[in-house]
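What follows is a short report on a single structure.
The values are calculated or read from the model by the stated rules, or taken from the named source; none is laboratory data. What you see is a predicted model, and the numbers here were worked out from it, not measured in a lab. For neighbour counting, all protein chains shown are included, and Cβ atoms are generated from backbone atoms with ideal geometry for every residue, glycine included. Please note that ligands, DNA and RNA were not included when accessible areas were found on the heavy atoms of the full protein model with its side chains. Shrake-Rupley method; radii C 1.70, N 1.55, O 1.52, S 1.80 Å.
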Amino acid sequence: MEWVLAIDLGGTNIKAGVVGADGTIAVSRSVKTFVQRGPAKVLAAMVELANGLKAECGRPITRGGVGSPGPLSQARGEVCGSPNLPGWDAVPVVRTLEQGTGLRFVLENDANAACLGEKLFGAGKPFDPIVHFTLGTGVGGGVYLDGKLFTGPSGAGAELGHMCLDLDGLRCGCGSYGCLETFASDTGIRAFVAAEGGRFPDSPLNNFAPENVNFKAVMECRAKADPFADEVYRRVVRALGAGIASYVNIFNPQAVILSGGMINAGKPFFADIEAVMRQRAIKVLADGVVILPSVLGDNTGVLGAAACALGI
Ligand SMILES: [Zn+2]
């Protein structure tokens, strides 16, 4: 079995592992990114991590994959201007890793990598097409179509979180307004709670420090019958249901897979989203789709990067 080196570069942590072609993780390790130290130091830490894992694993390895927050240029192997990696402008990730490790590397947007990982190793195995969403700080998206990841000629697609749901909605990090991400991400929830909390002066959501307002906090308050938390929850569910319905109509996927912290809300959350999707999607297309939770958990990033490496 072939083994590859997989690196999940995040704004907070760098996770890496040696992964087999069947998704077995032989060794793995995680270090803090320390993004404020700048790209050169972060890249040096990635090279050190990769070489350490390669030596520790003792298996022959010739290729590796890196999942990174976008935007990035896959053709040039560079991360360019990611909001999660401040100061990273045209940073040569692939060249630096190849020179430092002697392996061939491929760079992929982390949301696309997660989609491919779910197809190769996870809940997506039996399905094609697959539409994948990563629900967290933002809404990441990936589309697996006709046997491969769909990324477009620039490699920067498929930004599913930036479908516009409300022409006059809240400002989105991408520069547009009313994107799916302004409804169904922790960032969107935070902005909505800040804007609308005044209508519910008694809501415990108003007592959270702004940085702690997220979907998990909403679920905690909703469990205590807070009407504002219920409104926020319904806003998330309606947006996801409507957004997914649009993608079901466009791609005719066999599976829509959700990953990220929000999926801890469990079966009732999935049932609520699916009910909205089935109300809105074209019936013949909705009939052929299932909405599933990711099964890769904390390993999504590393397995996604491994899936990309296996495809070089
Ligand atoms: Zn947007």
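Within region 161-171, the set of residues being open to solvent by 30 Å² or more (accessible area, probe 1.4 Å) and either away from the ligand (no atom under 16 Å from the Cβ) or assigned to a loop (DSSP other than H, G, I, E, B) (or both) comprises Met163, Leu165, Asp166, Leu167, Asp168, Leu170.
Matching residues to (1) open to solvent by 50 Å² or more (accessible area, probe 1.4 Å); (2) of a type in the set (D, E, K, R):
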residue	(1), (2)
Ile263	no, no
Ala271	yes, no
Glu274	yes, yes
Val302	no, no
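Of the residues making up region 10-21, at least one is open to solvent by 30 Å² or more (accessible area, probe 1.4 Å) and over 30 Å from His162 (Cβ atoms). Might you let me know whether region 230-240 holds any residue that is outside any strand (DSSP E or B), touching a Phe, Trp or Tyr at 6+ places or on another chain (Cβ under 9 Å) and within 30 Å of Ser30 (Cβ to Cβ)? Yes, region 230-240 has at least one match. Taking into account only those residues within region 192-210 that are surrounded by 19 or more Cβ atoms within 10 Å (Cβ to Cβ) and free of Cβ contacts under 8 Å to residues at least 40 places away in the same chain, which is nearest to the ligand (Cβ to nearest atom)? Restricting to residues being surrounded by 19 or more Cβ atoms within 10 Å (Cβ to Cβ) and free of Cβ contacts under 8 Å to residues at least 40 places away in the same chain, the top hit is Val193. If you go through region 95-110 and keep only what is touching an Asp or Glu at 6+ places or on another chain (Cβ under 9 Å), at pLDDT 95 or above and not basic (Lys, Arg), you end up with Gly100, Phe105, Leu107.
Matching residues to (1) within 15 Å of the ligand (Cβ to nearest atom); (2) open to solvent by 20 Å² or more (accessible area, probe 1.4 Å):
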site: Trp88; (1), (2): no, no
site: Thr96; (1), (2): no, yes
site: Ala111; (1), (2): yes, no
site: Cys115; (1), (2): no, no
site: Lys148; (1), (2): no, yes
site: Ser154; (1), (2): no, yes
site: Glu159; (1), (2): yes, yes
site: Gly173; (1), (2): yes, yes
site: Glu181; (1), (2): yes, yes
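On the stretch given as region 172-215, residues that are on the phi < 0 side of the Ramachandran plot, assigned to a loop (DSSP other than H, G, I, E, B) and within 20 Å of the chain's Cα centre (by Cα) total 8. Figure legend. Inter-residue proximity from region 280-303: first residues without any contact (Cβ under 8 Å) to a residue 40 or more places away in the chain, second residues part of a helix (DSSP H, G or I), beta-carbon distance below 6 Å, spacing 6+ or different chains. Indicated pairs: Arg280/Ala242; Arg280/Ala245; Ala281/Ala245; Ala281/Val248; Ala281/Asn249; Ile282/Asn249; Leu285/Val248; Leu285/Asn249. Taking each residue of region 59-84 that is open to solvent by 20 Å² or more (accessible area, probe 1.4 Å) and looking for partners that are assigned to a loop (DSSP other than H, G, I, E, B) and modelled with pLDDT of 95 or more with beta-carbon atoms closer than 6 Å, six or more apart or interchain, yields Arg63/Leu103. Residues in region 227-261 that are without any contact (Cβ under 8 Å) to a residue 24 or more places away in the chain and crowded, with 20+ Cβ neighbours inside 10 Å: Tyr233 only.
Each residue in region 117-137 was checked for being surrounded by fewer than 24 Cβ atoms within 10 Å (Cβ to Cβ) and among the charged types (D, E, K, R), and 2 pass. Select from region 163-222 the residues that are touching a strand residue (DSSP E or B) at 6+ places or on another chain (Cβ under 6 Å) and of a type in the set (A, V, I, L, M) and list them in ascending order. Result: Leu180, Ala184.
For Val218, the requirement of being closer than 27 Å to Asn299 by Cβ, assigned to a helix (DSSP H, G or I) and either among the charged types (D, E, K, R) or out of contact with any Pro (no Cβ under 6 Å at 6 or more places or on another chain) (or both) is met.
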